[in-house]
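Q: Sending over a structure as structure tokens; questions will come in a sec.
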Amino acid sequence: MKKREYIDKLINGIESWNTWRREHSQIRPDLSFADLHNTDLHGANFCWATLVGADLNGANLGNARLIGADLRESD
């Protein structure tokens, strides 16, 4: 799956994103360098996702699951 498809799934809503993540738990989404600033990501499942260099400035990550997430160089 291409990065844009991951971002589109995420933007469609956290509940939908989390359902997709449960159904595809073996996939490690690549959201590297994604522009997610000021996005409401409250409760999102980012376990084992790649968020290297992602712009998370102002994003709401409250209750987000980040176990094993790669956040190197993210803002």
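Q: For segment 1-10, give me each residue that is touching a Leu at 6+ places or on another chain (Cβ under 9 Å) and either open to solvent by less than 60 Å² (accessible area, probe 1.4 Å) or of a type in the set (A, V, I, L, M, F, W, C) (or both). I'd like the intermediate steps shown before the answer.
A: The initial filter retains those residues of segment 1-10 that are touching a Leu at 6+ places or on another chain (Cβ under 9 Å), namely 3, 6-7, 10.
TYR6, ILE7, LEU10 - these are the residues of segment 1-10 that are touching a Leu at 6+ places or on another chain (Cβ under 9 Å) and either open to solvent by less than 60 Å² (accessible area, probe 1.4 Å) or of a type in the set (A, V, I, L, M, F, W, C) (or both).
Q: Something else now. Test of understanding: among ASN38, ASN57, ASN18, ASN63, which residue is touching a strand residue (DSSP E or B) at 6+ places or on another chain (Cβ under 6 Å) and either part of a strand (DSSP E or B) or in contact (Cβ under 8 Å) with a residue 12 or more places away in the chain (or both)? I'd like the intermediate steps shown before the answer.
A: On the way: ASN38 fails: touching a strand residue (DSSP E or B) at 6+ places or on another chain (Cβ under 6 Å); ASN57 fails: touching a strand residue (DSSP E or B) at 6+ places or on another chain (Cβ under 6 Å); ASN63 fails: touching a strand residue (DSSP E or B) at 6+ places or on another chain (Cβ under 6 Å).
Criteria check complete, one pass: ASN18.
Q: In segment 21-35, what residues are in a helix (DSSP H, G or I) and surrounded by 15 or more Cβ atoms within 10 Å (Cβ to Cβ)?
A: Filtering segment 21-35 down to residues in a helix (DSSP H, G or I) leaves 21-23.
Within segment 21-35, ARG21 is the sole residue that qualifies.
Q: When segment 1-15 is examined, which residues are found to be in contact (Cβ under 8 Å) with a residue 24 or more places away in the chain and not β-branched (Val, Ile, Thr)? Give the steps one after another, and end with the answer.
A: Step one: of segment 1-15, the residues in contact (Cβ under 8 Å) with a residue 24 or more places away in the chain are 1, 3, 6-7, 10-11, 14.
MET1, LYS3, TYR6, LEU10 - these are the residues of segment 1-15 that are in contact (Cβ under 8 Å) with a residue 24 or more places away in the chain and not β-branched (Val, Ile, Thr).
Q: Tally up the residues in segment 41-54 that are surrounded by 13 or more Cβ atoms within 10 Å (Cβ to Cβ), assigned to a loop (DSSP other than H, G, I, E, B) and not aliphatic (A, V, I, L, M), please.
A: Keep residues of segment 41-54 that are surrounded by 13 or more Cβ atoms within 10 Å (Cβ to Cβ), which gives 41, 43-54.
When the remaining residues are screened for being assigned to a loop (DSSP other than H, G, I, E, B), the result is 41, 43-44, 46-49, 51-54.
Add one more test, that the residue is not aliphatic (A, V, I, L, M), and what stays is 43, 46-48, 53.
Qualifying residue count for the region: 5.
The values are calculated or read from the model by the stated rules, or taken from the named source; none is laboratory data. A quick note: this is a predicted structure, and the numbers were derived from the prediction, not measured. With ideal geometry, Cβ positions are generated from the backbone for all residues, glycine too; neighbour counts draw on all protein chains shown. Note: areas computed on protein heavy atoms with side chains; ligands, DNA, RNA excluded. Shrake-Rupley method; radii C 1.70, N 1.55, O 1.52, S 1.80 Å.
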